[in-house]
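**Student:** Can you read through this structure? Questions will come right after.
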Number of protein chains: 2
Amino acid sequence: MAIGVFDSGIGGLTVFKSIAEHFPTLDIYYLGDTARVPYGNKSPETIINYSIECARYLISECGAEAIVIACNTASSYAVDIIADRFKVPVTGVVLPGSEQALRVSKKGKIAVIGTRATIRSGSYRAALETMSEIELDIYENACPLFVPIVEEMMTESPIAELAVKMYLDDLSKKGVDTLVLGCTHYPMLKRTISKLYPQFNIVDSSEVIIEHLIKSGLSTEGRGLRKLFFTDESPAMEMLRNELAAGAPVEIISLP
Amino acid sequence: MAIGVFDSGIGGLTVFKSIAEHFPTLDIYYLGDTARVPYGNKSPETIINYSIECARYLISECGAEAIVIACNTASSYAVDIIADRFKVPVTGVVLPGSEQALRVSKKGKIAVIGTRATIRSGSYRAALETMSEIELDIYENACPLFVPIVEEMMTESPIAELAVKMYLDDLSKKGVDTLVLGCTHYPMLKRTISKLYPQFNIVDSSEVIIEHLIKSGLSTEGRGLRKLFFTDESPAMEMLRNELAAGAPVEIISLP
């Protein structure tokens, strides 16, 4: 069994690592579209086209028989479209994250933060409302400065604290008890968020995707092959690859 | 005569506007590669490939007979390559900006700020050193948070002030007298920079490109046609288009 994981950039390597650890015999291919990162400020049409190209590469070139979309923005728009077009099981991060939020929220006051495109899609709101048996208070905030702050590795700086306050202070005032990190970059800001707002239960969608994959009945038999593909070189890619992908081979490719 | 102007996104529309005002009869085509913005954190190979694709579209599809690269990152890598490949005159923003910096600097202590890729290229340093008759003190700082702050229209916020101090304070301590804004987004931060560091002579490369074009002997005869192309939709595009392009027709295209 071979699975393909893709993300707009390098953030999804945390998902790759987590899947690789839980399913050691599974063949896993990762594609990071670093030449066109970020997706979060692009139009739905472009996000869908880029996602289809990523899935096509993993399925046609690598032989992936199932797809995991490790990017919240692509998950918000392209899960059904890819499943329909390629006739393979597709798992995004929105459903697992929403399920976990409903499990941990005591008061049903749930906030979702993400890129502008993820928030605009309303994907988390729709999933939460569909799955909840009680009425929820759902808040959605786009936090567009978080991605560059994380990419600059300034996650515990004065500028990070100022940005966290700017985007989350109104959520705290509204009595939110559960905060869904709807972007693969945001877990890097967990420590700063918890320091300023210790009352939030923080849900990291990428942490709960494993449970979702287990429940899906995914066959895990394979040769334990691992390979990473990126559409552009980047220094952070090399660093994270060593840390998160245990030296799996890397290839630079062109899409489409 | 038809001229093609391109940028990684919408920032170069200020250059488009300036050229359009100075050369009313010139035919001017603008291409903003909004589907792949930003260029500033990508590899030289990708920046060069994307720049060639933009130039090819303007030359082959629109009939442009000269190219203006309104993006500092693309100007830093692709001026000579495009001139050589397409055999047309190519004007970037690096040379005009460097000339102006040498004109206004009293002490020869010049700082250039830009994206990581622009700074890494050393393009401004090379231009300044080649053209100067005296020895210069040149400082180069990448300011990667400036672009997202500008795109979020937070140019006069506490977070903008914090970022400006973070990136420019050491330049002030070193006695820099001239600051080159080596990115089309940065002029939007002029007011905040001048408030905090009034001693800097600020050079905006896009302001001096006209003079460079006049000196180049560009023929300005044409029908005054104007057309804008973007590779993706974006709300800011629409707003800036009305403000900067006086309602010129817009088309969404695919590259390559």
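The values are calculated or read from the model by the stated rules, or taken from the named source; none is laboratory data. Just so you know, these numbers come straight off a predicted model, no measurement behind them. Cβ atoms come from the backbone with ideal geometry, glycine included; neighbour counts cover every protein chain shown.
**Student:** Residue by residue through segment A:139-158, note down the ones that are assigned to a loop (DSSP other than H, G, I, E, B), facing chain B (nearest Cβ under 10 Å) and either among the basic types (K, R) or more than 18 Å from the chain's Cα centre (by Cα) (or both).
**Tutor:** Once the filter is applied, which keeps residues that are assigned to a loop (DSSP other than H, G, I, E, B), facing chain B (nearest Cβ under 10 Å) and either among the basic types (K, R) or more than 18 Å from the chain's Cα centre (by Cα) (or both), segment A:139-158 yields A:E152, A:M154, A:S157.
**Student:** Now, a different point. Taking into account only those residues within segment A:103-123 that are touching a helix residue (DSSP H, G or I) at 6+ places or on another chain (Cβ under 6 Å) and not β-branched (V, I, T), which is surrounded by the most Cβ atoms within 10 Å (Cβ to Cβ)? Steps first, please.
**Tutor:** At the first step, the residues of segment A:103-123 found to be touching a helix residue (DSSP H, G or I) at 6+ places or on another chain (Cβ under 6 Å) are A:110-112, A:114-115, A:117-118, A:121, A:123.
Within this subset, residues satisfying the condition of being not β-branched (V, I, T) are A:111, A:114, A:117, A:121, A:123.
On the way: A:A111: 24, A:G114: 31, A:A117: 23, A:S121: 21, A:S123: 27.
Here the residue is A:G114.
**Student:** Checking B:F23 against (1) over 25 Å from A:T34 (Cβ atoms); (2) at pLDDT 95 or above, only one condition comes out false. Which one?
**Tutor:** For B:F23, the exception is condition (2).
**Student:** Among the residues of segment A:55-74, write down those that are of a type outside the set (A, V, I, L, M) and in contact with a Ser or Thr (Cβ under 9 Å, 6 or more places away or on another chain).
**Tutor:** Scanning segment A:55-74 gives A:E65, A:C71, A:N72, A:T73.
**Student:** Something else about it: Could you tell me whether segment B:225-236 includes any residue that is of a type outside the set (K, R), surrounded by fewer than 16 Cβ atoms within 10 Å (Cβ to Cβ) and within 21 Å of B:S8 (Cα to Cα)?
**Tutor:** Scanning segment B:225-236 turns up at least one residue that is of a type outside the set (K, R), surrounded by fewer than 16 Cβ atoms within 10 Å (Cβ to Cβ) and within 21 Å of B:S8 (Cα to Cα).
**Student:** Within segment B:232-256, work out how many residues are of a type in the set (S, T, N, Q) and more than 17 Å from B:I28 (Cα to Cα). Reasoning before the result, please.
**Tutor:** Our first condition is that a residue be of a type in the set (S, T, N, Q); within segment B:232-256, this holds for B:234, B:242, B:254.
If we keep only those that are more than 17 Å from B:I28 (Cα to Cα) too, we end up with B:234, B:254.
Final tally of qualifying residues: 2.
**Student:** Tell me, which residue of segment A:135-183 that is free of Cβ contacts under 8 Å to residues at least 60 places away in the same chain and of a type in the set (K, R) is surrounded by the fewest Cβ atoms within 10 Å (Cβ to Cβ)?
**Tutor:** Looking at residues that are free of Cβ contacts under 8 Å to residues at least 60 places away in the same chain and of a type in the set (K, R), I get A:K173.
**Student:** Which ones in segment B:200-224 are more than 20 Å from the chain's Cα centre (by Cα) and loosely packed, with under 14 Cβ neighbours inside 10 Å?
**Tutor:** Within segment B:200-224, B:G217, B:S219, B:E221, B:R223, B:G224 qualify.
**Student:** Here is a further query. Restricting the search to segment B:210-246, which residues are of a type outside the set (V, I, T) and within 14 Å of another protein chain (Cβ to nearest Cβ)?
**Tutor:** Pass one, segment B:210-246, residues of a type outside the set (V, I, T): B:211-213, B:215-219, B:221-230, B:232-246.
The answer is B:F230, B:D232, B:E233, B:S234, B:P235, B:A236, B:M237, B:E238.
**Student:** So, restricting to strands (runs of 3 or more DSSP E) that lie completely within segment A:1-97, which ones have at least 1 residues that are buried (at least 24 other Cβ atoms within 10 Å of the Cβ) and within 14 Å of chain B (Cβ to nearest Cβ)?
**Tutor:** Counting at least 1 such residues, we get A:27-32.
**Student:** Would you pick out the residues in segment A:124-134 that are touching a Leu at 6+ places or on another chain (Cβ under 8 Å), outside any loop (DSSP other than H, G, I, E, B) and crowded, with 16+ Cβ neighbours inside 10 Å?
**Tutor:** Of all residues in segment A:124-134, those touching a Leu at 6+ places or on another chain (Cβ under 8 Å) come to A:127-129, A:131-132.
Among the residues that remain, those that are also outside any loop (DSSP other than H, G, I, E, B) are: A:127-129, A:131.
A:A127, A:L128 - these are the residues of segment A:124-134 that are touching a Leu at 6+ places or on another chain (Cβ under 8 Å), outside any loop (DSSP other than H, G, I, E, B) and crowded, with 16+ Cβ neighbours inside 10 Å.
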